[in-house]
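> One structure coming up, written as structure tokens, with questions to follow.
Bear in mind these aren't lab numbers, they're just calculated from the coordinates by the rules spelled out. No experiment lies behind these values; they were computed from the predicted model shown. Backbone-built Cβ (ideal geometry, glycine too); neighbour counts: all protein chains shown.
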Amino acid sequence: MEYKEFLESKTRQFIHSGVSVSNDHINSKLFDWQKDIVIWAAKKGRSAIFLDTGLGKTFIQLEWARLIGERTIVIAPLSVARQTVREARKIGIDAKYIRGQSEVNGKGIYITNYEMIEKLDYSQFGAVVLDESSILKSIGGKTRKLITELCKDIPYRLCCTATPAPNDYIELGNHTEFLGICKMSEMLSMFFINANKEHTIHFEGKMYRRKGTNNGGTEWRLKHHAENPFFKWLSSWAITMEKPSDLDYSDDGFILPPLNITPVFIDYEYRPKDQLFFTGLHGIEDRVKVRKETLPSKIDRLKDIVNGSPEQWIIWCGLDEESKQATAILDGAVEVKGSDDIEHKIKTLEKFQDGEVHVLVTKPKIAGFGMNFQNACNMVFLGLNDSWETYYQCIRREWRYGQDKPVNVSILLHSVEDSVYQNILRKDAMSRRLRASLIKNIKEYAKGELGMKQNLKGNYNEDTVIGQNFTAMMGDACKRLPEIESNSIDLSVYSPPFADLFTYSASDRDLGNNNTMDEFFEHYSYIIKEVLRVTKPGRLTCVHTSDIPALLQKDGYMGIKDFPGGVIRAYEKEGWVLYGRAFVQKNPQAQAIRVKSKALLFVQLRRDSADSRPALVDQILLFKKEGDNVIPVRPVDNGELDNETWIEWANGIWLGVRETETLQFGKARGLDDEKHICPLQLGTIERCIKLYSNPGEIVLTPFGGIGSEAYMALKLGRKAKLIELKQEYFKVAVANMEKAETNATKRLI
């Protein structure tokens, strides 16, 4: 395909795979923005709807299922499944709750709960909806994998949940895998980086130190230069909204009432039975002990708050004993516990919704997700754990769109539990910032997905700087190589990106920014063909490569990938002839420090040498263009090489190349860079230039970086042509070439 078409095909957006429906076919009870989302989701076929509580996800998913027209299974938390049947009746949809495949009869929309997933034959369904799909990150890994595997062949899939945090890669990754968009490892490779590492960067003459989490685990954050591509990709399969105005719709009817949160601290001396002095809460065990031992004082306070009130209440408990004692002392209280049968749970929750139950006592995992309790406006947390999501979801059962009264939340805590409360407040503030950032960043892309006006701009720029003996071209090598005359280049020396995603920039024009190895080599082929065209017959190109470590998170296994082999096949496919290769010796200890590979550490040698390996050595692949070379290259005649040196270099293993002898690259690194640029050693470049070109000839590098190859070409009396995509690198490369040219002029004088 044409290069422009290829770039368009690289854009990481989920392509439509659904059905087209018109606005006229959607139930008139839905708001305009709900209709637009239904149309979008139906057209996508497989997508996620991240809407905050009370924005009508249930109506949207039911209309989606009706308009898709397939036999649909809706999987929801137990407490939500029956509620969905009731909601369906409001918009004229007959949805049936089932517990097994034997109850499926005809097309229709069927609803079950997550506990029943193994009792269904998913080959009999054409569409599936996961309601409260955030449950994917909290259910056991075995169950999560099972539901993903069971539904992988269902053509139409929809996930619905409240707005996720943009850095919650587990939740997003679980969604992408269930929807069949990509594997979590692929998502991490494209957009995220391990946040544990600390590194130093230079920017605009100053040094900055980025600190990692250093918490002993693996945490991930968005790569800085991948943020825009990430949000664009996310909006291609997920719609995110906290309120209609987030996407420029009207907020009429969707203004939340006041929320009053009151922490009630009960203060008396607490001393653990096994300690002389209380030294703070340490872990889950300490938290449970405190909740148990301070329960009597909390129950007394709970009785004062609730009894005598004419309004309905929800009491959120975390322990069985809390639930039992609260039910015993509160007037009109009804308990719903995990051991109750399904019918009791459903009927009690429905009676509470209908106002027949005065006080509902239960746990968050039973009724804290997905339920509509706008009928009540009061709740009490009888203690608190460190789960912000549980805290948030429980509050949103009452404080949701459709609530017309202020919502009052009391949190009963012993004074020693203040650290738990402060942790929740910290997480809540962080979540608000993150979700605001998500909405802000995704807004323009989401509007485009919904067919609304966008204001998106590209950032591709070109420039050309011409010196006495060099030409520096800023821009995409695939676009700028065609400007060079055919059969005009004597030698090219360069190091392509090693198929590493988002290595240097977020641009789709960056060869290091590809989704798969196949896509990388397809992109690379445009450059290989152009370099062949501009090279003189019988002359060479020197390509610096190396094997690539395979990483567990990115590749699914630990090992080595044969990148040089892929490069050889790519060059031969385009008409180059493989002419030889040289291996450049590397110091394993220096490489261990630089790349932090445990396979090169002494400790691994002593622990288990089966997990040790040799250092990854550089390989210089030599390719020749077919035809006769008109002007012979004679390095011995021009005094650049003698027989002894040639014997050493012709050995095939290049010794004596100093790994530290590179151009300085600190100033070329921007704040958005995640990885150090890795300039090729000047000694390696020198050998390529002296062996395969004459003084005064033109040396090309289509991946200019900071100008190492061009710098050495000028230093050795050649002319240089350089192409570099990234502006920061280009500026440093030009400065390095000007410096080399000035020094060469001084030597001549």
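> Of the trypsin sites (Lys or Arg not before Pro) in region 612-662, which ones lie in a loop per DSSP and count no more than 16 other C-beta atoms within 10 Å?
Arg658
> For every other residue with a beta carbon closer than 10 angstrom to the beta carbon of Ile266, add +1 if it is Lys or Arg and -1 if Asp or Glu, then tell me the sum.
-1
> Something else: How far apart, in nm, are the 7 Å Cα→Cβ label points at Asp320 and His25?
5.1
> Which ³J(HN,Hα) values, rounded to whole Hz and listed in residue order, are derived for region 710-715 from phi using the Karplus coefficients 6.51, -1.76 and 1.60 in 6.51 cos²θ - 1.76 cosθ + 1.60 with θ = phi - 60°, glycine and proline given as x?
Those phi angles translate into 5, 4, 5, 4, 5, 5 Hz.
> Once you have the Kirkwood Rh of region 274-436 from its Cα pairs, apply Stokes-Einstein at 25 °C and 0.890 mPa s and quote D in µm²/s.
Translational diffusion coefficient: 148 µm²/s.
> Step through the residues of region 121-127 one at a time and calculate ³J(HN,Hα) from phi using the Karplus curve (6.51 cos²θ - 1.76 cosθ + 1.60, θ = phi - 60°), rounding each to whole Hz and writing x for Gly and Pro.
Result, rounded to whole Hz: 9, 6, 5, 8, 10, x, 8.
> Provide the packing ranking of 320-329, 251-260, i.e. peptides ordered by the mean count of other C-beta atoms within 10 Å per residue, highest first. Spell out each step's value before the answer.
Numbers: 320-329: 17.2, 251-260: 12.7.
The peptides rank, most packed first, as 320-329, 251-260.
> Collect residues whose amide H, placed 1.01 Å from N in the peptide plane, falls under 5 Å from the amide H of Tyr97; neighbours closer than 5 in sequence don't count.
Amide H neighbours of Tyr97: Ile111.
> How would you rank Thr112, Thr362, going from fewest to most other Cβ atoms within 10 Å of each one's own Cβ?
Thr112, Thr362
> Convert each backbone phi in region 344-358 into a coupling constant with the Karplus relation 6.51 cos²θ - 1.76 cosθ + 1.60 (shift: θ = phi - 60°), then list the ³J(HN,Hα) values in order as whole Hz, x for Gly and Pro.
Taking θ as phi minus 60°, the curve returns 5, 4, 5, 5, 5, 5, 5, 5, 5, 4, 8, x, 7, 9, 7 Hz for region 344-358.
> What does the extension gain come out to for Asp354 and Arg432, with contour length at 0.36 nm per residue minus their alpha carbon separation?
Between Asp354 and Arg432, full extension yields an extra 24.8 nm.
> Under a cut-off of 12 Å between alpha-carbon atoms, report the aspartates and glutamates in cross-link reach of Lys337, not counting same-chain residues fewer than 8 places apart.
Hits, sequence-local ones excluded: Asp320, Glu321, Glu322.
> Along the Cα-to-Cβ line of Val264, 7 Å from the Cα, sits a label point; which residues in region 370-396 have backbone N less than 13 Å from it?
378-383
> How do His544, His358 line up, fewest other C-beta atoms within 10 Å first?
Sorted ascending by nearby Cβ count, the order is His358, His544.
> Quick one: of Lys90/Lys142; Lys29/Lys427; Lys365/Lys427; Lys586/Lys726, which pairs are farther than 31 Å apart, Cα to Cα?
Going by Cα-Cα distance, Lys90/Lys142; Lys29/Lys427 fall outside the 31 Å limit.
> Additional query: Using amide H atoms built 1.01 Å from N in the peptide plane, name the residues 5+ places from Ala720, or on other chains, whose amide H lies under 5 Å from its own.
Residues meeting the criterion, in which the H sits 1.01 Å from N, are Phe470, Thr471, Val699.
> To continue, here is another question. Please work out whether region 688-745 counts as rounded, prolate or oblate from its C-alpha gyration tensor, where a ≥ b ≥ c are the square roots of the eigenvalues and a/c under 1.5 means rounded, while otherwise a/b larger than b/c means prolate and anything else oblate?
Cα axes put region 688-745 in the oblate bin.
> Further question on the same structure: Can you list residues from other chains, or at least 5 along the same chain, whose modelled amide H is less than 5 Å from the amide H of Trp220?
Here Ala195 satisfy the definition.
> For a quick check: sort Phe59, Phe730 by the number of other beta carbons within 10 angstrom, fewest at the front.
Listed from fewest to most nearby Cβ atoms, that is Phe59, Phe730.
> Note down the nm distance, to one decimal, between modelled labels 7 Å out along Cα→Cβ at Val288 and at Ile647.
Here the modelled spin labels are 7.7 nm apart.
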